[in-house]
Structures are given as structure tokens and as C-alpha cells.
Amino acid sequence: MRIRRELSDRLRRLSPVPQLPVRERIPTGGAPKTVGDKPPLLAHTGDQGGVPAVRHENNSVGDVVHDGAELHHAVLAVLRPAILVGDLPLGIRLIEEEVASHLGVSRGPVREALGILRDEGLVTIAARRGAVVVGLTPADIDDLYDLRIVLECHAIRRATANVRDADIEYLRGLDAGMVALAPTETVARPDVAFHRHLMLLARQERLRSAWERIAGIIGGLLSVTDGQRPDLVLHSHLIDALVSGDGDTAAAILHVHIRNAHRIMREVLSSRMEVETR
């Protein structure tokens, strides 16, 4: 009973389960397509000769969705940031029935979400005990931001040689959407889509694949930091650097952008730790 009561108290403090965004469908293969004057939706922007498009859901947690809008992504949008900032602390048991009841969903989506969190190393799942939060240490968070800089700064240098007018139009649309949504947690949806598109523009499949492995956690971090500092969502200088074709300048701007988010995340973690120790 004590375990259930502690979990219930923690869950009551969290945000309600968010609405799933409208699914964006893009082609599964062939050249990227446009509709009227609109750019392709998150399609690979390589040569026109049959480079497959990349399917994904532009959602608040950065996860890749293959068919249909699935409810477990909404569950992830609540649980993952709460684990990252310690609202669901190390060692707490995530009882499926309790989580499902609080979020107003069945146990199936909760079970799927917990499986993804296990794959990301944020929980462990064992017989009889179920899911237990492992979380990330501050050092783990530092490593993730360092990894983002390595992957994304390299990607944007390459992207400057591949960017097209349709890509710039699409990225400016995402930037405008972020400004309109800030400072709310939902701004992470277009933010993840923006950074994912930069990875696609690099036209290096292994690089993109490495980034996708941490995309869910990146989305969780963005849902925390974007809500703290509205100015963090401004990407116009990055877009201008892409237009100019100056890869080094673009990488330098992105480096500062990611480090600013890293600093805000450390401040959030520090403040949460102070609250926990009172």
C-alpha cells in the first residue's frame, strides 16, 4: 500500500496525458513529393533517384511511429520528462494499473511505454517487481548533450551542401510554430522535427540512425527546457546560416544553442534536487 500511495502522490503532481498530434503521413519510398508549393514533410531531401523517405510521427517526445497514432506515445510524453527531472525518482515502482488509472488509459499503452523506457535505460523491468525507475544521473545528462553536439554539429555542416528551398520553407514553418507555442511543453514537437530534419539533410544514414536511438530522450529533455526558456526555441539564426551555406557558422550557432539548453537542464535538475532534499 505504501508503494502505491507514493506512486499515486507522485502521479497527481504530473501534467495530464497530452493530446496526440495529428499524424503527418509521408511517402514510404521514391523521391520526396510536394503538395502545391509546400515542401515535403520530413522526407529525405537527397537526390531524386529513389532515396526512401523516413516515416515518423512529429510528436512531443521525439518517437518514431510507423502506423497510426498510438496512445503509448502520449503516456511517454508524461512519464519520460518526469523521470528525467526526478519527479518520478530513482527506485520508485511504476505499477501499470496505477499509472493507467491516473492517465485515463488502459494498461496496454502503459505496458508499451514502459517497454520503450526500458530500452532507453530509464527503467528496469523484472518479474514480480515490474518496472522500477533507474533514471539518468547528471553525468548521464551531460553525456547526452555532448553526444548531441557531436552528431548534430557534424550533420549541420553537411546539411548546408544539401539544403533546398523547400527545406528552408519547411524549417521556417517549424520555427514559426515553435515561437507560437512557447513556452509550453508542446513546443518540443516541432523542435524535435526541426533537429530531425537537419539529420536527414546530412544524408548519412548511420549518423541519422545513431541520432534516432536517443531521439526519444532528446524529446523528453526538450519538453523540459523549451518550457523554461522561450528564447531557446528560436532557430532563425540556424536557418540563416543554412541559407548562406556556411557550415562552420551553422555548427557554431548550433553548438551554443545546445549548450544553452544543457545549462537550463542542469539548473532544472539542481532546483528539483533541492526540493527533494528539503
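Rule-based calculations on the coordinates, nothing more; no lab input. Because the structure is a prediction, the values reported are computed rather than measured. Glycine gets a Cβ as well: all are built from the backbone with ideal geometry, and neighbour counts include every protein chain shown.
Sorting VAL163, VAL187 on the 10 Å Cβ count, fewest up front, what's the list? Working shown, then result.
Numbers: VAL163 21, VAL187 24.
Fewest to most other Cβ atoms nearby, the residues stand as VAL163, VAL187.
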Would you mind calculating the gained length between THR137 and ARG164 on full extension (0.36 nm times residue separation, minus the Cα-Cα distance), in nm to one decimal?
-> 5.7 nm
Hey, for a label at ARG93 modelled as a point 7 Å past Cα toward Cβ, could you say which residues of segment 129-150 have their backbone N under 11 Å away?
-> 129-132
What list do you get for LEU114, LEU90 if you sort them by fewest beta carbons within 10 Å?
-> LEU90, LEU114
Provide the per-residue ³J(HN,Hα) series for segment 71-79, in order, calculated from phi with Karplus coefficients 6.51, -1.76, 1.60 and θ = phi - 60°, each as a whole number of Hz, with x at glycine and proline positions.
-> 5, 5, 5, 5, 5, 4, 5, 8, 6
Computed over the Cα atoms of segment 138-277, what is the convex hull's projected area averaged over all directions, in nm²?
-> 7.8 nm²
Modelled label reach - GLN204, point 7 Å along Cα→Cβ, segment 161-180 residues with backbone N closer than 17 Å = 161-163
Vicinal HN-Hα couplings computed from phi for segment 141-157 (Karplus, 6.51 cos²θ - 1.76 cosθ + 1.60; Hz; Gly/Pro x) | 4, 4, 4, 5, 5, 4, 5, 4, 4, 4, 6, 6, 5, 5, 4, 6, 4
Spin-label model distance (nm) - SER106 vs ARG263, 7 Å beyond Cα toward Cβ | 4.8 nm
